1. Separation between the Thr96 and Lys40 pseudo-spin-labels, each 7 Å from Cα along Cα→Cβ, expressed in nm?
2. Per residue, what accessible area does the stretch 44-189 have, given a 1.4 Å probe and all protein chains present, in Å²?
3. Taking amide H positions as placed 1.01 Å from N in the peptide plane, with prolines and chain starts having none, which residues 5 or more places from Ala17, or on another chain, fall under 5 Å of its amide H?
4. Taking the Cα-to-Cβ direction at His112 and at Thr73 and moving 7 Å from each Cα, how far apart do the two end points lie in nm?
5. Along the Cα→Cβ direction, 7 angstrom out, place labels at Ser182 and Ser161. What is the inter-label distance in nm?
6. Calculate what fraction, in whole %, of the accessible area of the stretch 133-190 sits on carbon and sulfur atoms when a 1.4 Å probe is rolled over the protein chains.
7. Check Ala113: other-chain or 5+ apart residues with amide H under 5 Å from its amide H, H built from backbone geometry?
8. Less than 20 Å apart at the alpha-carbon level, and either on another chain or at least 8 residues along: which aspartates and glutamates does that give for Lys41?
Amino acid sequence: MKRLVAGVDEAGCGPLAGPVVVAAVILNPRRRIQGLDDSKKLSPARREALYPQIVERAVAWRIEFVRVDEIDTLNILQARLTGMRRALYALSPAATHARIDGDRLPVDLPCHAEAVVGGDGLEPAIMAASILAKVARDRAMVELHALFPQYGFDRHKGYASQSHLAALREHGPCPHHRRSFSPVQQTLFL
């Protein structure tokens, strides 16, 4: 049986609004992609340029969105792990092994897995997953900005910037804010 190794990473655990986005990618060793790196080290333009290459050249890829209501119900760690599990189960062809960025593994995975601390800077498949997750999340936040322009989601992508916190105080949270996060909770009582 051919060994198919999936890299798994997420984007959006820290923000006060929007989904957590998880990607799983099985790279094709015969169709290399130049310039892969941790998505945080790449410019938005470079991530956008790599995204279609990853999608086109990968053996398999999957992006999963974990909604705000799930984050608030499960907690951020369990939401992240849930997204990773979903992404791995949805890959076709299925992975025979997964390398997951971080120090925690989801339970009940469809294949053997290992946690790789700092994997988004070490393992090309995790780098690719990091890029897909980040680009998909950034695009989702730009779409949310069109619906809720008063928060500036297109600029800060839901992170707790000064302008975002000021907008939260002024307007209160929208349906896409994570009510389980302290800065959002505090605005519920203003």
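The values are calculated or read from the model by the stated rules, or taken from the named source; none is laboratory data. Small disclaimer: the values here were computed from a predicted structure and weren't measured. Cβ: placed from backbone, ideal geometry, glycine included. Neighbour counts: every protein chain shown. Surface accessibility is based on the protein's heavy atoms, side chains included, excluding ligands, DNA and RNA. Shrake-Rupley method; radii C 1.70, N 1.55, O 1.52, S 1.80 Å.
1. 3.3
2. Accessible area per residue, the stretch 44-189: 48 Å².
3. Under 5 Å from the amide H of Ala17 lie the amide H atoms of Arg178, each far enough along the sequence or on another chain.
4. 3.4
5. So the two model labels end up 2.3 nm from each other.
6. In the stretch 133-190, the share of accessible area belonging to carbon and sulfur is 57 percent.
7. Those qualifying (amide H under 5 Å, at least 5 residues apart or on another chain) are Ala98.
8. Asp9, Glu10, Asp101, Asp120, Glu123, Asp138, Asp154
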